[in-house]
Amino acid sequence: MEKIKRLKRELKFEGTILKFYQDTMQIPNGNTAVWDFIAHKGAAAVVPVLPDGRIIMVRQYRNALERYTLELPAGAVNEVDEPKEICAARELEEETGYRAGKLEWLINLNTTVAFCNEFIGIYLATELEKTHQHLDEDEYVDVEFCELAELMDMIYTGKITDGKTIAGILAYANKR
């Protein structure tokens with residue numbers, strides 16, 4: 001396979017959670033191409049399972065989709081080098097008001113490999129202890145409790161379309 005070489009990277013926009021770049025690339029046939037690149041510092045998600053088997057989910061408004069979505073608790077790392085497990089534990093408590101006694105790695109994923117480097121570590125949380133939510137000022141999250149079979153049905157009927165949630169739920173179902 002012939003090598004592709006980046007000739008230039010230009011920052012076009014910096015937002016609160018990502019940076020948008022345009023990369024000028026030399027492709028193997030000698031031509032150049034301009035490719036979009038979105039830099040993301042990374043994130044973690046968690047599949048929190050109660051002793052009775054129900055999974056704690058969060059429902060929140062997603063501006064890009066212009067609707068509420070049912071998702072696994074998740075969030076961005078504070079710093080690029082923050083361990084994903086630390087982020088998962090923090091986001092679980094912040095969003096749901098539960099603390100994990102045990103966190104176990106389930107799966108990793110890159111969300112959109114064509115133009116973004118977002119990398120999410122997904123963990124299984126058990127031995128949950130009720131605390132209280134610590135939502136950010138701009139966050140509004142409803143907590144819901146769901147059976148695994150119910151979530152699987154929502155995945156396969158297209159009611160859940162969030163990639164991290166699908167990957168996390170299916171990895172947990174496979175592990176069981």
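Scanning segment 47-78 for residues that are in a loop (DSSP other than H, G, I, E, B) and either surrounded by 11 or more Cβ atoms within 10 Å (Cβ to Cβ) or at pLDDT 95 or above (or both) returns L50, P51, D52, G53, R54, L72, P73, V77, N78.
When segment 117-176 is filtered for residues that are in a loop (DSSP other than H, G, I, E, B), over 21 Å from A76 (Cα atoms) and at pLDDT 95 or above, the ones remaining, listed by number, are E147, T157, G158, K159.
Please pick out the residue among E95, E150, E85 that is within 12 Å of P48 (Cβ to Cβ), without any contact (Cβ under 8 Å) to a residue 60 or more places away in the chain and outside the structural domain of V34 (by TED's automatic domain parsing). First the steps, then the outcome.
Values: E150 fails: within 12 Å of P48 (Cβ to Cβ); E85 fails: within 12 Å of P48 (Cβ to Cβ).
The conditions single out E95.
Step by step: first the residues of segment 1-46, then only those that are among the hydroxyl-bearing types (S, T, Y) and farther than 30 Å from M57 by Cβ, then the one that is surrounded by the most Cβ atoms within 10 Å (Cβ to Cβ). Which residue is that?
Filtering segment 1-46 for residues among the hydroxyl-bearing types (S, T, Y) gives 16, 21, 24, 32.
Okay, now just the ones that are also farther than 30 Å from M57 by Cβ, so 21, 24, 32.
Numbers: Y21: 18, T24: 14, T32: 11.
Top of the filtered list is Y21.
On the stretch given as segment 23-68, residues that are of a type in the set (S, T, N, Q) and touching a residue at least 60 places away in the same chain (Cβ under 8 Å) total 1.
The values are calculated or read from the model by the stated rules, or taken from the named source; none is laboratory data. Here the structure is a predicted model, which is why all the values come from computation and not from measurement. When we count neighbours, we look across all protein chains shown, and the Cβ atoms used for this are built from the backbone with ideal geometry, even at glycine.
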